[in-house]
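First up is the structure itself, then whatever we jot down about it.
Taken together, the values in this text are just the output of simple stated rules run on the coordinates, not laboratory data. None of these values were measured; they are calculated from a predicted model. Every residue, glycine among them, receives a Cβ derived from its backbone with ideal geometry; neighbour counts consider all protein chains shown.
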Amino acid sequence: MLADLQDLNIDGWTLKVRQPAGEGQHSDLQSDPHPIILLIHGWTGDEHSMWVFAPRLPKHALLIAPRAPYPSNHPEIAGYSWVQERADGFSTLEMFAPAVAAFESLLAELPAHFPQADFARFGMAGFSQGSAFSVAYATLNAARVQRLAMLAGFLPEASQAALPALSGLPVFIAHGTQDQTVPVARAYAAREQLAAAGAQVRYCESEVGHKLGANCVAELADFFG
């Protein structure tokens, strides 16, 4: 499948892209003419990491996976990070601010490269740290995000006051009950806090670790389908 992807370098960002298969007419992700889903990897990941989910996402969608802008600084694993210095615990909303600002600059460049899509609105699917980054981005740019999937992820620390910006936003939370990296309690807290803020929350869990079970992958497909 990776052979079908396009590599791009735009304004210092490294991206992998799957072009839309056709114009299609599906879901409220519809752009003019193609919907867009941004695939946001987790800590120590890169632009290759999220494509395991691509076969279950709409074929008529433009899929874009950016590499995060900072090295992971993991002592044993390479890869990249959405925060410059990862916290010992879970990163705060403020720590994602530089990456959010840089991401806005990237988004400003993308319409020139993909004239078939309207970047005024798009979906986001983030895994682990990537889901926290996606929430951080959405709290500041809620009008641009149509749907948000948090996969084995967490809410950034100190984000609760910003969550009302996501009122009405469809959010899909998927988590493993055996996750030792991001405990499932984080998913329960995200579900409760987002629902209290007015988001339209859909929740799925599986008896797996830091990944998605088959049932949640199927629900992810339905969420974006």
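In sequence order, the range 174-188 has phi-based couplings of 10, 8, x, 5, 9, 5, 9, 8, 10, x, 4, 4, 5, 5, 4 Hz under the Karplus curve 6.51 cos²θ - 1.76 cosθ + 1.60, θ = phi - 60°, and Gly or Pro positions carry x. In percent, rounded to a whole number, the relative contact order of the chain is 18, using alpha-carbon pairs under 8 Å and six or more apart. Mind jotting down the distance between the C-alpha centroids of the range 148-176 and the range 31-101, whole Å? After rounding, the separation between the Cα centres reads 15 Å. For the range 34-140, applying the loop criterion from DSSP together with a ceiling of 14 other beta carbons within 10 Å to the trypsin sites (Lys or Arg not before Pro) yields LYS59.
Just to confirm a number: summing +1 for Lys and Arg and -1 for Asp and Glu over residues other than ARG67 whose beta-carbon lies under 13 angstrom from that of ARG67, what do you get?
Net charge around ARG67: -3.
In terms of its alpha-carbon gyration tensor, the range 156-224 comes out oblate; a/c meets the 1.5 threshold, while b/c is at least as large as a/b.
Here the sum of -39500 (n - 2.57) over DSSP H runs of 4 or more residues, divided by the residues of the chain, equals -7500 deg cm²/dmol at 222 nm, to the nearest 500.
Loop-located GluC sites (Glu not before Pro) in the range 167-214 (DSSP state not H, G, I, E or B) with no more than 16 neighbouring Cβ atoms inside 10 Å: GLU207.
Evaluating 6.51 cos²θ - 1.76 cosθ + 1.60 at θ = phi - 60° for every residue in the range 205-214, the Karplus couplings come out as 9, 9, 7, 9, x, 7, 6, 9, x, 4 Hz, glycine and proline recorded as x.
For TYR80, the residues whose modelled amide H falls within less than 5 Å of its own, excluding neighbours fewer than 5 places apart on the same chain, are THR44, GLY45, SER72. If R0 is 22 Å, the Cβ-Cβ spacing of ALA185 and ASN141 corresponds to a FRET efficiency of close to 0.20.
For the range 174-225, trypsin sites (Lys or Arg not before Pro) meeting the loop criterion (DSSP other than H, G, I, E, B) and having at most 13 other Cβ atoms within 10 Å: none. How large is Rg over Rh for the range 2-224, taking Rg from the Cα atoms and Rh as the Kirkwood inverse mean of 1/r across Cα pairs? Using only Cα positions, Rg/Rh for the range 2-224 is 0.93.
If you take every residue apart from ALA87 with its C-beta less than 12 Å away from the C-beta of ALA87, what net charge results, scoring Lys and Arg +1 and Asp and Glu -1? Local charge sum for ALA87: -3.
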